[in-house]
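Asker: For reference, the structure I am asking about is given below.
The values are calculated or read from the model by the stated rules, or taken from the named source; none is laboratory data. On a predicted model such as this, the values are computed, not experimentally measured, just so you know. Positions of Cβ are backbone-derived with ideal geometry, glycine not excepted, and every protein chain shown enters the neighbour counts.
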Amino acid sequence: MSFITLEQLRESRGPLLGIDPGTKTFGLAVSDTSRMIATPVETIRRKKFTPDAAKIFALYDERKCAAIILGYPLNMDGSEGPRCQSVKDFAANLCALRDVPIMLWDERLSTAAVTHAMLEADMSRSKRAQNVDKLAASYILQGVLDRLKV
């Protein structure tokens with residue numbers, strides 16, 4: 001399995017699926033077909049890999065996505081920690097089920113940025129808990145979309 005680059009992503013067409021892979025949940029977001037805006041879709045509580053992957057691929061197919069953007073949890077100094085290996089393993093397992101293009105994208109501070117925005121919006125603690133993962137996925141995906149425009 002090899003990950004796609006930004007250049008390879010530029011050559012493809014269609015919406016992109018963003019995933020913020022947490023230890024307990026997955027946040028999911030999808031771009032529009034023109035790849036201008038990332039929209040949060042849902043949060044999936046992690047259970048077992050096969051049913052989780054089925055939900056991810058169902059959304060991927062429903063939205064006719066061209067690639068998956070997977071949040072990559074680098075350490076603040078840019079080094080890879082144990083969670084990075086977990087994300088790589090998850091990507092390899094997805095590709096074992098279906099050969100889809102996957103791009104790893106630095107997700108440092110995505111949850112912090114989203115949480116800060118929700119606090120500024122005076123969102124209740126329970127609403128923040130419900131929305132943080134899918135909003136983080138949207139934040140990660142929007143970073144890729146913005147970079148594609150450059």
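Asker: Residues 109, 119, 74, 94: which one is of a type outside the set (Lys, Arg) and modelled with pLDDT of 95 or more?
Answerer: Going through 109, 119, 74, 94 in turn, just one is of a type outside the set (Lys, Arg) and modelled with pLDDT of 95 or more: 94.
Asker: Determine whether segment 44-58 contains at least one residue that is in contact (Cβ under 8 Å) with a residue 40 or more places away in the chain, in contact with a helix residue (DSSP H, G or I) (Cβ under 9 Å, 6 or more places away or on another chain), buried (at least 17 other Cβ atoms within 10 Å of the Cβ) and more than 18 Å from residue 95 (Cβ to Cβ).
Answerer: no
Asker: Quick one: would you say residue 44 is within 14 Å of residue 134 (Cβ to Cβ) and either in a helix (DSSP H, G or I) or modelled with pLDDT under 95 (or both)?
Answerer: Yes; evaluated as a whole, the condition is true for this residue.
Asker: Out of (1) at pLDDT below 95; (2) within 14 Å of the chain's Cα centre (by Cα); (3) surrounded by fewer than 20 Cβ atoms within 10 Å (Cβ to Cβ), the odd one out for residue 80 is which?
Answerer: All conditions are met except number (2).
Asker: Continuing with the same structure: If residue 64 passes every condition in (1) assigned to a helix (DSSP H, G or I); (2) basic (Lys, Arg); (3) modelled with pLDDT of 95 or more but one, which one does it miss?
Answerer: It fails just one condition, (1).
Asker: How many residues are part of a loop (DSSP other than H, G, I, E, B) and within 12 Å of residue 144 (Cβ to Cβ) when one looks only at segment 16-35?
Answerer: Final tally of qualifying residues: 1.
Asker: Hey, does segment 63-70 have a residue that's over 23 Å from residue 8 (Cα atoms) and either in contact with a helix residue (DSSP H, G or I) (Cβ under 9 Å, 6 or more places away or on another chain) or in contact (Cβ under 8 Å) with a residue 12 or more places away in the chain (or both)?
Answerer: No, that holds for no residue.
Asker: I'd like to verify a number: residues in segment 133-148 that are touching a residue at least 12 places away in the same chain (Cβ under 8 Å) and farther than 11 Å from residue 40 by Cβ, how many?
Answerer: So the answer is 5.
Asker: Would you mind stating whether residue 32 is farther than 17 Å from residue 106 by Cβ, surrounded by fewer than 17 Cβ atoms within 10 Å (Cβ to Cβ), in contact with a strand residue (DSSP E or B) (Cβ under 8 Å, 6 or more places away or on another chain) and modelled with pLDDT of 95 or more?
Answerer: yes
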